[in-house]
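Some notes on the structure that comes next.
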Amino acid sequence: MAQNKYIIKKKSGIHGWGIFAKTGIPKATRIIEYIGEKITKAEADRRGERLIEYAKKHKESGAVYIFILNKKYDIDGHVEYNTAKYINHSCAPNCEVDIIRGHIWVIALRDIQKGEELFYNYGYDMDTYEEHPCFCKSARCPGFITAEEHWVKLNKTLKEKSKKSVKVL
């Protein structure tokens, strides 16, 4: 794990390992780059499916670290030297991810205090929301890891499912 003046890896109360501020981090700071192997979309699909199947078989979660880079390529961050892969999801994040000139950066959304865990919203689609329950404990959390733009639709879907599961006596 490469040294970074802003962060440290420690056990997280949310999920496994997490990344924490070892000093105050000002708003808009580029904290860490999400790095790894640059792969094609086809290879990303192959690896993603293989890792999902492995995780299901071994009852694990958080196995896929593939990040969309652009229309042609993704970054497979499942490498030892990618510290950013340990940043957990939250529905009330203190960071965001931005792609700047072909580099994926984790950037502070606000001033972050020393000792705070870093989070960003993973921004998953609705397609597989049921496979991604959320444990962030945020008051804003809809219960599944999805991009905020999907929350209204997700809440409607969950209400409909709830109505269908109610038994009439």
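Numerical summary
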{"item": "Number of positions in segment 1-12 that are touching a residue at least 12 places away in the same chain (Cβ under 8 Å) and in a loop (DSSP other than H, G, I, E, B)", "result": "6"}
{"item": "Residue in segment 88-103 that is in contact (Cβ under 8 Å) with a residue 60 or more places away in the chain, hydroxyl-bearing (Ser, Thr, Tyr) and surrounded by 16 or more Cβ atoms within 10 Å (Cβ to Cβ) present", "result": "yes"}
{"item": "Criterion: open to solvent by less than 20 Å² (accessible area, probe 1.4 Å), touching a strand residue (DSSP E or B) at 6+ places or on another chain (Cβ under 9 Å) and touching a residue at least 60 places away in the same chain (Cβ under 8 Å) - qualifying residue of ALA84, ALA44, ALA28", "result": "ALA84"}
{"item": "Residue count for segment 47-58, restricted to those that are under 22 Å from TYR120 (Cβ atoms) and free of Cβ contacts under 8 Å to residues at least 12 places away in the same chain", "result": "1"}
{"item": "Single unsatisfied condition, TYR122 versus (1) touching a residue at least 12 places away in the same chain (Cβ under 8 Å); (2) hydroxyl-bearing (Ser, Thr, Tyr); (3) loosely packed, with under 15 Cβ neighbours inside 10 Å", "result": "(3)"}
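So that you can scan it fast, the table gives a plain yes or no per residue for (1) under 18 Å from LYS22 (Cα atoms); (2) touching a strand residue (DSSP E or B) at 6+ places or on another chain (Cβ under 6 Å); (3) aromatic (Phe, Trp, Tyr); (4) surrounded by 11 or more Cβ atoms within 10 Å (Cβ to Cβ):
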residue	(1), (2), (3), (4)
VAL106	yes, yes, no, yes
GLN113	yes, no, no, yes
GLU131	no, no, no, yes
GLU148	no, no, no, yes
SER162	no, no, no, no
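The values are calculated or read from the model by the stated rules, or taken from the named source; none is laboratory data. These numbers were taken from a predicted model, which means no experiment stands behind them. Please note: Cβ atoms are built from the backbone with ideal geometry, for glycine as well, and neighbour counts cover all protein chains shown. Quick note on the areas: whole protein, heavy atoms, side chains included, nothing else; ligands and nucleic acids left out. Shrake-Rupley method; radii C 1.70, N 1.55, O 1.52, S 1.80 Å.
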